[in-house]
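Asks: Below is one structure. I have some questions about it.
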Amino acid sequence: MAAEKTEVRSKTGRALLVIDMLNDFLEEEGALFCGPASREIIPFVARKMKEAREAGEPVIFICDRHMPHDKEFEMFPPHCVAGTAGAGVTPELTHREGDLVIPKRRFSAFFGTDLDLHLRELGVREVVLVGVCTNICVLYTAADARMLGYDVTVHREGVASFDQEAHEFALKQMESVLGAKVV
């Protein structure tokens with residue numbers, strides 16, 4: 001599925017990337033449940049979405065969307081398969097008209113997608129990251145964003161992982177190695 005059209009050009013040069021807030025990661029019965037911490041960040045993410053919209057900043061949903069025999073399933077159980085309920089955005093955070101939805105098949109939201117092109121067309125210079133998993137998809141999205149020249153802000157209260165030690169390590173790496181602002 002192609003990215004959905006957005007009309008929201010950034011008024012501030014920022015965009016909010018909502019990473020993998022999907023049923024298979026956030027529901028206990030999900031194929032790759034990220035643990036209670038993933039559920040706990042939902043209200044914060046919803047608040048950040050509201051704030052971004054009010055500020056005239058694009059809200060971009062980054063959604064794991066795999067093919068049934070994806071290579072990633074050699075490492076992780078099948079999850080977020082295209083067309084399944086598990087690949088859907090959690091009902092608490094549904095997208096609105098004007099939001100962008102970018103499907104991805106790898107950890108980084110930039111790898112094999114047109115996210116960079118969309119951000120540049122929208123006048124975005126800084127990406128604000130929330131979502132799961134801190135040490136996988138958030139970290140690799142932050143790394144690619146920095147390599148492409150974007151400023152990166154990560155909300156500590158808005159990211160989570162199934163592994164608390166890896167979560168903390170990733171936050172430190174994003175701040176000390178990538179130069180991301182962790183707030």
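The values are calculated or read from the model by the stated rules, or taken from the named source; none is laboratory data. This is a predicted model, so every value here is computed, not measured. Quick reminder, even Gly has a Cβ in these numbers, built from the backbone with ideal geometry, and neighbours come from all protein chains shown.
Asks: Taking the stated definitions as given, is Asp116 without any contact (Cβ under 8 Å) to a residue 40 or more places away in the chain, more than 21 Å from Asp24 (Cα to Cα) and out of contact with any strand residue (DSSP E or B) (no Cβ under 8 Å at 6 or more places or on another chain)? First the steps, then the outcome.
Replies: Details: without any contact (Cβ under 8 Å) to a residue 40 or more places away in the chain: yes; more than 21 Å from Asp24 (Cα to Cα): yes; out of contact with any strand residue (DSSP E or B) (no Cβ under 8 Å at 6 or more places or on another chain): yes.
Yes; evaluated as a whole, the condition is true for this residue.
Asks: What do you reckon, is Glu51 acidic (Asp, Glu) and at pLDDT below 95? Lay out the reasoning, then the answer.
Replies: Values: acidic (Asp, Glu): yes; at pLDDT below 95: no.
For Glu51, the condition - acidic (Asp, Glu) and at pLDDT below 95 - is not met.
Asks: Across the stretch 97-139, what is the number of residues that are at negative phi and not in a strand (DSSP E or B)?
Replies: Step one: of the stretch 97-139, the residues at negative phi are 97, 99-111, 113-122, 124-130, 132-139.
Those left that are additionally not in a strand (DSSP E or B): 97, 99, 105-111, 113-122, 124-125, 133-139.
Residues that pass the stated criteria total 28.
Asks: Sticking with this one: Taking the residues in the stretch 119-152 that are touching a residue at least 40 places away in the same chain (Cβ under 8 Å) and among the β-branched types (Val, Ile, Thr) as candidates, determine which candidate is farthest from Leu22 (Cα to Cα).
Replies: Among those that are touching a residue at least 40 places away in the same chain (Cβ under 8 Å) and among the β-branched types (Val, Ile, Thr), it is Val124.
Asks: Also, quick follow-up: Take residues that are in contact with a helix residue (DSSP H, G or I) (Cβ under 7 Å, 6 or more places away or on another chain) and tell me which of the helices (runs of 4 or more DSSP H) falling wholly in the stretch 1-96 contain 3 or more.
Replies: Values: elements: 23-26, 36-40, 42-54.
Answer list for the stretch 1-96: 23-26, 42-54.
Asks: What is the residue count in the stretch 130-183 for residues that are polar (S, T, N, Q) and closer than 21 Å to Arg106 by Cβ? I'd like the intermediate steps shown before the answer.
Replies: Within the stretch 130-183, the subset polar (S, T, N, Q) is 134-135, 141, 153, 161, 164, 173, 176.
Still in the running and closer than 21 Å to Arg106 by Cβ: 134-135, 141, 161, 173.
Residues meeting the conditions: 5.
Asks: What is the residue count in the stretch 89-115 for residues that are surrounded by fewer than 19 Cβ atoms within 10 Å (Cβ to Cβ) and among the small types (Gly, Ala, Ser)?
Replies: 2
Asks: Regarding the stretch 141-160, can at least one residue be identified that is of a type in the set (Ser, Thr, Tyr), surrounded by 14 or more Cβ atoms within 10 Å (Cβ to Cβ), in contact with a helix residue (DSSP H, G or I) (Cβ under 6 Å, 6 or more places away or on another chain) and not in a strand (DSSP E or B)? Write out each step before concluding.
Replies: First, the residues of the stretch 141-160 that are of a type in the set (Ser, Thr, Tyr): 141, 150, 153.
Keeping just the survivors that are surrounded by 14 or more Cβ atoms within 10 Å (Cβ to Cβ) gives 141, 150, 153.
So of that shortlist, the ones also in contact with a helix residue (DSSP H, G or I) (Cβ under 6 Å, 6 or more places away or on another chain) come out as none.
Scanning the stretch 141-160, I find no residue that is of a type in the set (Ser, Thr, Tyr), surrounded by 14 or more Cβ atoms within 10 Å (Cβ to Cβ), in contact with a helix residue (DSSP H, G or I) (Cβ under 6 Å, 6 or more places away or on another chain) and not in a strand (DSSP E or B), so the answer is no.
Asks: Just to verify a result, which residue in the stretch 52-71, among those that are acidic (Asp, Glu) and surrounded by 13 or more Cβ atoms within 10 Å (Cβ to Cβ), is nearest to the chain's Cα centre (by Cα)? Don't jump to the end; show me each part of the working.
Replies: Filtering the stretch 52-71 for residues acidic (Asp, Glu) gives 54, 57, 64, 70.
Of the ones still in play, those that are also surrounded by 13 or more Cβ atoms within 10 Å (Cβ to Cβ) are 57, 64, 70.
Working: Glu57: 15, Asp64: 9, Asp70: 20 Å.
Going through the qualifying residues, I end up with Asp64.
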